[in-house]
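Q: Quick one: structure below, then a few questions.
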Amino acid sequence: MTAGLLWGLTGLALLDSVNTATIWIVIVILLGARRPAPTGWMFMLGAAASFLCFALVFYFGLSFADSLLEGFTLWLRRLLFAGLAVALVVMGVRRLRPRERKGYALPPWVNGWSALPFGVLATLGDLPNAFPMVLAVERLIAAEIPAPAAVTVLVGYTVIYALPSALILAAGLAFNAELRDQLDSMLGSRTSGTAPPSPRTAAACFAGAAASLAVLFLWVG
């Protein structure tokens, strides 16, 4: 396990941690749950546990596939960067047009008991955005890291992934009165109304797509 690999995996985990879906759901729980503390922590437990389970299943499944098919991880890496480039182009085109913002509402059945499976469902629904974790697993296998060490790394990866949402939840519970108006304003500005076109965001998406293609042809290919 080299320092460069650890830093790279940490960067991927930090990128994965900026998970807007999980963060917004935590804010909705803080604002709308009858008992935000147990509901919020059980949601986080469900989200983090299911994320780790998926990472482990993917790691062992990909390890098995790579042992049967030579070069499997290389083709997966190519597919990942090609898919990322396409996704960024689509995102950039969408940012050039006005779009209705999606609202977040807490389902009425979510409470301190049902928040755990709700966290599992939310994480499963957000798996298409798990590109950094998939790339992290691929890097572990390509570097031939032993399974016990890889599992430990994935546990640490999951902790970093969940940290921002957990910190927001803890701060919201500790300073509910002080932060409630700010959280409500943030949620309203991001999840209601129509978002205007954003040429800067579109340009950043197109630049990211170009960088993904460069990595695909210069590093992966």
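The values are calculated or read from the model by the stated rules, or taken from the named source; none is laboratory data. Quantities reported herein were computed from a predicted structural model and do not represent experimental measurements. Using ideal geometry, Cβ is built from the backbone for each residue, glycine included, and neighbour counts are taken over all protein chains shown. For accessibility, only protein heavy atoms count, side chains too; no ligands or nucleic acids. Shrake-Rupley method; radii C 1.70, N 1.55, O 1.52, S 1.80 Å.
Q: Would you please give the FRET efficiency between V86 and A49, computed as 1/(1 + (r/R0)^6) with r the Cβ-Cβ distance and R0 = 45 Å, to the nearest 0.05?
A: 0.90
Q: What's the ranking of 9-16, 79-86 by average number of surrounding C-beta atoms within 10 Å, highest first? Show your work: numbers first, answer last.
A: Values: 9-16: 18.8, 79-86: 17.0.
Put in order of decreasing packing, that is 9-16, 79-86.
Q: If each DSSP helix of 4+ residues adds -39,500 (n - 2.57) and the sum is divided by the residues in the chain, what number results at 222 nm, nearest 500 deg cm²/dmol?
A: Details: 9 runs with 169 residues, N = 221.
About -26000 deg cm²/dmol.
Q: Evaluate the relative contact order of the chain (contact order divided by residue number), counting alpha-carbon pairs under 8 angstrom at least 6 apart; express in whole percent.
A: Working: 234 pairs, mean separation 97.3, N = 221.
Reported relative contact order: 44 percent.
Q: When the Cα centres of region 39-102 and region 112-148 are compared, how far apart do they sit, in Å?
A: 8
Q: Compute the angle between helix 36-68 and the longest alpha-carbon principal axis of the chain, please, reported from 0 to 90 degrees and rounded to the nearest 10.
A: So the inclination is approximately 10 degrees.
Q: Please find, in a Gaussian network model of the chain (springs between Cα atoms separated by less than 10 Å), the residue of S50, S185, S114 whose mean-square fluctuation is greatest.
A: Highest fluctuation among the options: S185.
Q: Sticking with this one: Tell me, which longest segment in the chain has none of the GluC sites (Glu not before Pro) that fall in DSSP loops with at most 14 further Cβ atoms within 10 Å?
A: Details: sites that count: E70, E144.
Within the chain, the longest run free of exposed GluC sites (Glu not before Pro) spans 145-221.
Q: OK, next. So if I place +1 on the C-beta of Lys and Arg and -1 on the C-beta of Asp and Glu, and nothing else carries charge, what would the dipole magnitude of the chain be about its Cα centre? I want it in debye, nearest 20. Could you put the intermediate results ahead of the total?
A: On the way: 14 positive and 10 negative charges, 147 e Å.
The dipole magnitude comes to about 700 debye.
Q: For the chain, with a Gaussian network of springs between Cα atoms less than 10 Å apart, report the residue from M44, M91, M133 with the top mean-square fluctuation.
A: M91
Q: At a Förster radius of 30 Å, what calculated FRET efficiency corresponds to the Cβ-Cβ distance of A142 and S114, to the nearest 0.05?
A: Numbers: r = 40 Å, r/R0 = 1.32.
Given R0 = 30 Å and the Cβ-Cβ separation, E is 0.15.
Q: Could you compute the FRET efficiency for L15 and R97, with r as their C-beta to C-beta distance and R0 at 25 Å, rounded to 0.05?
A: Numbers: r = 26 Å, r/R0 = 1.04.
Taking R0 as 25 Å, the efficiency between L15 and R97 is 0.45.
Q: Let me ask something additional. How much accessible area per residue does the chain have, in Å², with a 1.4 Å probe? Write out the running numbers ahead of the final one.
A: Working: 12200 Å² over 221 residues.
Spelled out: the 1.4 Å probe surface of the chain, per residue, equals 55 Å².
Q: What list of ³J(HN,Hα) couplings, whole Hz, do you get for region 24-33 from phi and the Karplus terms 6.51, -1.76, 1.60, once you set θ to phi - 60° and write x for glycine and proline?
A: After applying 6.51 cos²θ - 1.76 cosθ + 1.60, I find 5, 5, 4, 5, 4, 5, 4, 8, x, 6 Hz.
Q: Of (1) 24, 22, 18; (2) 28, 20, 19; (3) 32, 24, 14, which is the value of semi-axes √(5λ) of the Cα gyration tensor in Å derived from the coordinates here?
A: Of the labelled values, this structure produces (3).
Q: Rounded to the nearest percent, how much of the accessible area of the chain (1.4 Å probe, protein heavy atoms only) is carbon and sulfur? Walk me through the numbers on the way to the answer.
A: Numbers: 8540 of 12200 Å².
C and S atoms contribute 70 percent here.
Q: Exactly which trypsin sites (Lys or Arg not before Pro) in region 66-151 are in a DSSP loop and have at most 11 other Cβ atoms within 10 Å? Present the calculation step by step, with values, prior to reporting the outcome.
A: Numbers: sites: R77, R78, R94, R95, R99, R101, K102, R139; in loops: R101, K102.
Those that pass, being in a loop and sparsely packed, are K102.
Q: Let me ask another. Between the helical axis of 176-191 and the dominant principal axis of the chain, each derived from Cα atoms, what acute angle in degrees is found, rounded to the nearest 10?
A: Once rounded, the angle reads 60 degrees.
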